[in-house]
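Taking it in order: structure first as structure tokens, then the write-up.
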Amino acid sequence: MSATSKRRPVLHGVTVLSLLAGSAYLTVELRKDEQAKAPAVQNITDIPHLRSGFARTAGAQDWERLRNPDRSVLRTGDGDIVATFTDGARTATLTGPSRTFDEPANTSSRVVTQNWVRLMPEVWTEGAEKEQWFKDWFKEYHGSERDDLFAIAFQYVEGAPVRTDDEGVPYAGDADYGPLNPNGDEGEAPRLEESDFYDYLGIPYTFRDGTTKKPEAARHRSIDCSGYIRTVFGYRGGYPLTAPDGTGAGLPRTADGMARSTAGVDIIELSGPAPHYERPKSLSVLRLQPGDLVFFKTESRSESRLDHIGMYLGPDTQGHRIFISSRKEVNGPTMGDEGGTSRLDGNGYYATALRSAKRL
């Protein structure tokens with residue numbers, strides 16, 4: 001479906017309920033029979049440095065410290081990963097029931113994973129497993145099938161049903177990238193940028209510094225690439241947000257602002273001369289983890305800003321490293337192929353444009 005031909009009617013009441021009950025949109029589901037049919041599950045791979053250094057705990061689980069980046073890994077007594085927590089980050093990856101994420105309208109890629117990506121209420125530090133806040137959080141979410149960041153992310157792809165809150169505000173559902181660009185027929189991008197989560201919601205939003213942003217009617221139900229990440233991690237996930245870039249602690253407004261902010265931990269640092277920087281030489285040694293933010297420089301303009309952002313999902317069933325992002329060509333969030341295959345490996349459009357990665 002082309003960017004100009006997509007239409008999204010406003011849906012309310014019985015229509016919403018019928019969609020929720022019977023929609024045949026992309027498969028993001030837990031199925032017992034999927035376990036038998038699915039290819040081998042893709043997991044985080046962490047190589048222990050010193051197995052003899054484990055600290056035994058109750059329940060036959062072991063805590064291990066790993067480096068590059070500094071992190072704590074919880075394993076079963078047999079060595080299987082239960083969860084990974086990175087120093088300086090709130091993102092945690094927990095092992096849970098297998099799920100399949102696919103988007104048949106836009107790609108043949110399928111991600112079968114046991115990774116559940118969640119935000120902790122506090123930043124992880126070495127030894128935090130002994131603190132009460134973590135014990136309470138882990139007890140609540142370990143093994144939980146409540147929506148995580150992956151599930152939330154796929155609630156905005158093409159065909160996703162509308163979900164409304166108690167006040168009738170649609171907080172999820174098929175999202176556009178932005179309004180049509182009036183100059184799009186003159187070689188410019190087909191869709192305009194600058195649609196944030198409050199534009200999608202259609203309601204004013206007051207940030208922690210007191211700044212209030214009002215939605216633009218033309219951008220209703222739209223989120224650009226950084227607005228999508230702010231929706232998933234911030235508005236839905238609870239990560240602090242800033243109004244414009246550089247206005248205090250929190251997740252900035254733009255992809256470039258997020259990449260250069262002090263939020264989280266840099267997993268792949270910018271390298272090489274500005275303004276273009278260098279593509280990372282090896283992904284296998286950089287320990288990308290599901291849920292990491294990945295940053296791209298896709299435009300050839302001379303300024304040094306990074307102009308696209310996505311969230312890393314992990315390997316698909318063919319072994320390709322897949323991400324999801326909101327993009328102009330598909331007119332919204334996708335893990336698809338139109339406008340460039342959503343792969344970090346190989347020499348495709350986005351693979352060669354990758355410049356850095358961050359774990360919030």
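Values in this text are rule-based calculations from the coordinates and carry no lab data. Source: prediction; values computed, not measured. Cβ sites come from the backbone with ideal geometry, for glycine too, and all protein chains shown count toward neighbours.
The smallest convex shape that holds all Cα atoms of the range 189-255, its convex hull, gives 78 Å³ per residue. A cut-off under 15 angstrom between Cβ atoms defines the neighbours of T352, and their net charge, with Lys, Arg +1 and Asp, Glu -1, is +2. Among the trypsin sites (Lys or Arg not before Pro) found in the range 76-181, those both in a DSSP coil and sparsely packed, with 13 or fewer other Cβ atoms within 10 Å of their Cβ, are R146. Among the GluC sites (Glu not before Pro) found in the range 97-188, those both in a DSSP coil and sparsely packed, with 13 or fewer other Cβ atoms within 10 Å of their Cβ, are E122, E126, E131, E145, E167, E188.
Sparsely packed loop sites in the range 212-299 (the chymotrypsin sites (Phe, Trp or Tyr not before Pro) outside DSSP H, G, I, E and B with at most 11 other Cβ atoms within 10 Å) do not occur. Kirkwood radius and radius of gyration were both taken over the C-alpha atoms of the range 90-231, and their ratio Rg/Rh is 1.04. Close amide H partners of V82, meaning residues 5 or more places away or on another chain with modelled amide H under 5 Å apart, are L74, R75, T76. The share of C-alpha pairs in the range 301-360 whose separation exceeds 16 Å stands at 44 percent. For H308, the residues whose amide H sits under 5 Å from its own are F296, T298, ignoring neighbours fewer than 5 places away on the same chain, with H placed 1.01 Å from N. In terms of surrounding Cβ atoms within a 10 Å radius of their Cβ, T113, T125 rank from fewest to most as T125, T113.
Taking all Cα pairs closer than 8 Å and separated by 6 or more residues, the relative contact order of the range 171-279 comes to 18 percent. Each label point was placed 7 Å from the Cα along the Cα-to-Cβ direction; for E216 and T76 their separation is 5.2 nm. Using θ = phi - 60° in the Karplus curve 6.51 cos²θ - 1.76 cosθ + 1.60, the 3J(HN,Hα) couplings for the range 251-261 round to 8, x, 7, 10, 4, 5, x, 5, 4, 9, 6 Hz; x is entered for Gly and Pro. Here the scattering of the range 229-295 is modelled by Debye summation over its C-alpha atoms, one equal scatterer each and no solvent; at q = 0.15 Å⁻¹ the log10 of I(q)/I(0) is -0.55.
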